[in-house]
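Sharing a structure, written as structure tokens. Questions coming.
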Amino acid sequence: MYFSSVITFQRSKFLTLLTLYLLTQMLWVSSARALTQIETFILEQSQIQPVSVARELEKLSSQAIATLPAKVLVEASFASAVNLDAALTLRLTEQLLDESKRLNDTNLAGQAFYNRGVLHAALGHHDLALDSLRISLANFENCESEVDIARVKGALALMYVEIGEYELAQPYFADALASHQLRNDQLNMAKVLQNRGFMKIQIKDYVGAKEDLTRALKFSQSVDLRPIYPIIYKNLGKVESLQGSPELALEYFDKAIAESTSSNLEYHQSEIMRELALLQLRNGLVEKARRSLATSLQLGEKFNLLKQLKLSYLALAQLEVSLENYKAAYLANEEATKISHQMGDDRVARNLSRLDKYSATLKEQNKRLVLEKEKEIVELAAQRDQLLRNFSISVAVIAILLALYFIRRFTDTNKQAALFERQSKIDSLTGVWNRRAGRARLSRLCQREERADSVFSIAMLDIDHFKRVNDDFGHDIGDKVIVEICHIIEKNLRPSDMVCRWGGEEFILILESSSAAEAKEICERIRSTVEQATIESVGEMAVSIGIAQYRGASVDELVKRGDLALYQAKHQGRNRVVLDPETGS
């Protein structure tokens, strides 16, 4: 009886353990099958449905994410970048970089940096996006991956468009498009054509822009690439708006909003609403434009879209100028400037090289690879010998401290150089730009106008009878007069205009996108404001202004024409605005 009970108990215990084992195996198989299904979904849908892929990633535990294969990490990090999930993108790309080191695979490193570039570009961090994309290009060139090289070149081209370097962008667009056409890669052809169409809008080639955007829409529809529909429709609307077709433009903007909503890409609506606001402003619907800009700014702040915030503040400044709310326009322009600094535009402008944009990146990449190899050798040697391991750690710590020291010294030097560069272009008395900065701006405008159809004008402004002020009241009062009149000039200029102290009591006004007639209207407002102002200790003052419109000459010839018009204003009795003979009366 006793032995029978023992046997029954042992049998029951065995059956219980067996049941638990089978349940564990079933759960493990079910979990593995579910994870495999998610991995398949990520690989197949990351380009077409990035938002859906990002939502699936949110469901995964940290342990599950840590086990994702490298090829799945590539697509997953791209989807999270498109979805603007910065934390997840950086985590996935860091995991991908670890895999690239473990497998010694530079292609994986290139994919990681490319996806980081996509994220930084979408958020408006131009400097970080350019750095990531250049490192990505260097890695792909090392492993000779032509497909990926073309993809990165297309992305770099867009970044150069964003910072206004159209000449650098064009060959990249051409190379990328030619490479994708060889493989009939319609998905990437759609992206390149959409971005090139955007560039053509910036250089006012509206016919070419419409052709590229129409082709991009056709290719994207053939591969069901819905995530770029909102941007294509937005840009088509912008073309129609600039060409004077508001009804058709509004139709495209409505399609863009509908597509961004259906694709769960709400952040696209920030730039769509801004373009809608500009259309409304062109048609005199100021209050509607203000509401549209408010929505654009709200979305920009919600998703931390620096580029969209900057452009929306500039549009707001344009709206305030149209209402002659110059203080509000100035404040909006200041916000745009602050955001531009956050975007890294200053650093991009300083470091961008037209002559050697590849070599610096390749040297940096090779240096990084050498350092990583040396570190691996030290770690392997340390595993064999504990004493050597301790010694190697000490050497590594010293090297890191030295590197941090020199990096800090280098960073401080760069900051000081940037500060000195800015100070060298600012007039110490008035705080406005000086002659050096003005000549640099004029040189860029003259080169740009040779490639574009837009116009600009300059105005040479001189304070009348200023010598009497110095003689009668002294140079301190004379300096105050210069500063006061400079403030009056700034208050009456548009955000896009520039005032420089040319020398003594003479200023030059650089009026972008202004014909001679438009420039005269601005200058008459300045002259009238000065005439009506009462300046402390001096009383009433006046200014004479000479205007010259750019007509394809050099900077010196343009300034000479402005000086001649100023001389005529003085000769005709002062306190007046005169156009130079070539510009017309």
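The values are calculated or read from the model by the stated rules, or taken from the named source; none is laboratory data. None of the values given here were measured: they were computed from a predicted structure. For neighbour counting, all protein chains shown are included, and Cβ atoms are generated from backbone atoms with ideal geometry for every residue, glycine included.
Going through the stretch 546-559 one residue at a time, which ones are at pLDDT 95 or above and farther than 19 Å from residue 513 by Cβ?
Result: 546, single match.
Which residues, counting only those in the stretch 478-529, are among the acidic types (Asp, Glu), over 23 Å from residue 570 (Cβ atoms) and in a helix (DSSP H, G or I)?
Listed by number, the residues that qualify are 490, 518.
Quick one: count up the residues across the stretch 85-142 that are among the basic types (Lys, Arg) and over 17 Å from the mean Cα position of the chain (by Cα).
At the first step, the residues of the stretch 85-142 found to be among the basic types (Lys, Arg) are 91, 101-102, 116, 134.
Then keep just the ones that are over 17 Å from the mean Cα position of the chain (by Cα); that gives 91, 101-102.
Going through the stretch 85-142 one residue at a time, the tally reaches 3.
In addition: Considering only the stretch 205-214, I want to know if a residue exists there that is over 25 Å from residue 118 (Cβ atoms), under 23 Å from the mean Cα position of the chain (by Cα) and among the hydroxyl-bearing types (Ser, Thr, Tyr).
The answer is yes; a qualifying residue exists.
So, in the stretch 373-412, of the ones that are among the acidic types (Asp, Glu) and modelled with pLDDT under 70, which residue ends up nearest to the chain's Cα centre (by Cα)? Give the derivation first.
Initially, the stretch 373-412 is screened for residues among the acidic types (Asp, Glu), giving 374, 376, 379, 385, 412.
Next cut, modelled with pLDDT under 70 only: 374, 385, 412.
Details: 374: 36, 385: 50, 412: 24 Å.
Top of the filtered list is 412.
Which ones in the stretch 413-429 are within 30 Å of residue 483 (Cα to Cα), at pLDDT below 70 and surrounded by 11 or more Cβ atoms within 10 Å (Cβ to Cβ)? Don't jump to the end; show me each part of the working.
We begin by selecting, within the stretch 413-429, every residue within 30 Å of residue 483 (Cα to Cα); these are 415-429.
Checking the rest, the ones that are also at pLDDT below 70 come to 415-423.
If the condition is that a residue be within 30 Å of residue 483 (Cα to Cα), at pLDDT below 70 and surrounded by 11 or more Cβ atoms within 10 Å (Cβ to Cβ), then 417, 418, 421, 422 are the ones that fit.
When residue 97 is evaluated against the numbered criteria (1) surrounded by fewer than 22 Cβ atoms within 10 Å (Cβ to Cβ); (2) aliphatic (A, V, I, L, M); (3) touching a helix residue (DSSP H, G or I) at 6+ places or on another chain (Cβ under 6 Å); (4) modelled with pLDDT under 85, which criterion, by number, is the only one it fails?
(4)
Output the residue which, of all residues in the stretch 273-330 that are out of contact with any helix residue (DSSP H, G or I) (no Cβ under 7 Å at 6 or more places or on another chain) and outside any helix (DSSP H, G or I), is nearest to residue 83 (Cα to Cα).
Looking at residues that are out of contact with any helix residue (DSSP H, G or I) (no Cβ under 7 Å at 6 or more places or on another chain) and outside any helix (DSSP H, G or I), I get 285.
If you don't mind, another one. Name the pairs: first residue in the stretch 281-293 and small (Gly, Ala, Ser), second residue assigned to a helix (DSSP H, G or I), Cβ to Cβ under 7 Å, at least 6 apart or on different chains?
289/277; 289/280; 289/281; 289/319; 292/273; 292/276; 292/277; 292/280
This table checks each residue for (1) surrounded by 15 or more Cβ atoms within 10 Å (Cβ to Cβ); (2) among the charged types (D, E, K, R); (3) part of a helix (DSSP H, G or I).
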| residue | (1), (2), (3) |
| --- | --- |
| 195 | yes, no, yes |
| 209 | yes, no, yes |
| 221 | no, no, yes |
| 240 | yes, yes, yes |
| 250 | yes, no, yes |
| 259 | yes, yes, yes |
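Next up: Considering every residue within the stretch 541-558, establish whether at least one is surrounded by fewer than 17 Cβ atoms within 10 Å (Cβ to Cβ) and under 19 Å from residue 478 (Cα atoms). Write out each step before concluding.
Filtering the stretch 541-558 down to residues surrounded by fewer than 17 Cβ atoms within 10 Å (Cβ to Cβ) leaves 542, 551-554, 556-557.
Now drop any that are not under 19 Å from residue 478 (Cα atoms), which leaves 542.
Yes, the stretch 541-558 contains a residue that is surrounded by fewer than 17 Cβ atoms within 10 Å (Cβ to Cβ) and under 19 Å from residue 478 (Cα atoms).
Touching a residue at least 60 places away in the same chain (Cβ under 8 Å) and either surrounded by 21 or more Cβ atoms within 10 Å (Cβ to Cβ) or touching a strand residue (DSSP E or B) at 6+ places or on another chain (Cβ under 7 Å) (or both): is that true of residue 134 in this structure?
When the stated conditions are applied, residue 134 passes them.
Quick check on my filter: what residues within the stretch 54-82 are more than 14 Å from residue 40 (Cβ to Cβ), crowded, with 21+ Cβ neighbours inside 10 Å and not hydrophobic (A, V, I, L, M, F, W, C)?
Selection gives 77, 80.
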